[in-house]
Amino acid sequence: MRDHFRESGHPTEPPPAIWTGRATNRIQWLFAAAGAACMALGIELAVDYAWTTDVVPLLMSVIGCVAAGLMILYGTLAFVHVAVKVDSDAVEVRCGHIGLPRRRIPLSHVVDAEFVAKVTPCQWGGWGYRWRPEMGTAVVVRRGEGLVVTLGDGRVFTVTVDDAEAAVRAIRDRLHLTGTAKPAGA
């Protein structure tokens with residue numbers, strides 16, 4: 001690990017202006033395909049069948065297939081990948097292709113960042129945006145390394161991201177530069 005600080009605690013070189021990282025889960029595309037198939041079935045039912053008798057069951061089938069397909073599509077496409085950005089002001093996490101859900105954590109609220117070698121969906125109850133009372137909040141898009149951010153109020157936020165060690169360094173460098181890091185035991 002590169003040391004940006006002299007013994008006096010002053011930086012010898014500034015960290016990069018912006019650190020970015022991401023993680024991807026290609027398996028989610030299979031679930032997205034299942035959602036698209038549900039929608040296609042609903043559309044086929046609406047187009048191919050006669051609407052003369054038994055309209056209510058047919059309408060319920062069409063609406064059910066399309067609604068289920070849309071929910072599956074959004075739920076999976078939102079967590080195909082996650083992008084993390086660390087700049088001088090905040091840690092920002094954006095999910096999926098449209099960046100929603102999104103979480104922005106001001107660095108003034110961060111007291112520490114840690115690298116975790118293994119984060120699994122099983123630990124959090126599945127993929128996606130998760131909350132567990134004893135563990136905090138997480139964005140889990142795949143199994144593997146992750147970044148754990150501890151906030152000043154004691155809450156914890158975890159995100160799976162490639163090169164999480166570099167994210168930890170970027171956050172810690174900024175905490176030391178701005179003086180927001182709290183001493184151990186404080």
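Annotations
- Filter result for the condition that a residue is under 26 Å from LEU73 (Cβ atoms) and free of Cβ contacts under 8 Å to residues at least 12 places away in the same chain, over ARG102, ARG143: ARG102
- Filtered residues of segment 119-146 (kept if of a type in the set (S, T, N, Q) and open to solvent by less than 70 Å² (accessible area, probe 1.4 Å)): THR120, THR137
- Once segment 86-110 is narrowed to residues that are open to solvent by 80 Å² or more (accessible area, probe 1.4 Å) and of a type in the set (A, V, I, L, M), the residue that is farthest from the chain's Cα centre (by Cα) is ILE98.
- Total residues in segment 71-85 satisfying the condition of being out of contact with any strand residue (DSSP E or B) (no Cβ under 9 Å at 6 or more places or on another chain) and either within 14 Å of VAL110 (Cβ to Cβ) or surrounded by fewer than 17 Cβ atoms within 10 Å (Cβ to Cβ) (or both): the figure is 2.
- Counting only residues that are on the phi < 0 side of the Ramachandran plot and open to solvent by 70 Å² or more (accessible area, probe 1.4 Å), segment 51-65 holds 8 of them.
- Flag if ALA164 is modelled with pLDDT of 95 or more, farther than 11 Å from ARG22 by Cα and buried (at least 21 other Cβ atoms within 10 Å of the Cβ): no
- From the options ALA46, ALA68, residue that is in a helix (DSSP H, G or I), in contact with a Leu (Cβ under 9 Å, 6 or more places away or on another chain) and surrounded by fewer than 17 Cβ atoms within 10 Å (Cβ to Cβ): ALA46
- Matching option when the condition is at pLDDT 85 or above and among the basic types (Lys, Arg), among ARG2, ARG26, ARG22: ARG22
The values are calculated or read from the model by the stated rules, or taken from the named source; none is laboratory data. This is a predicted model, so every value here is computed, not measured. When we count neighbours, we look across all protein chains shown, and the Cβ atoms used for this are built from the backbone with ideal geometry, even at glycine. For the accessible areas, the whole protein counts, side chains as well, though only heavy atoms, and no ligand, DNA or RNA atoms are used. Shrake-Rupley method; radii C 1.70, N 1.55, O 1.52, S 1.80 Å.
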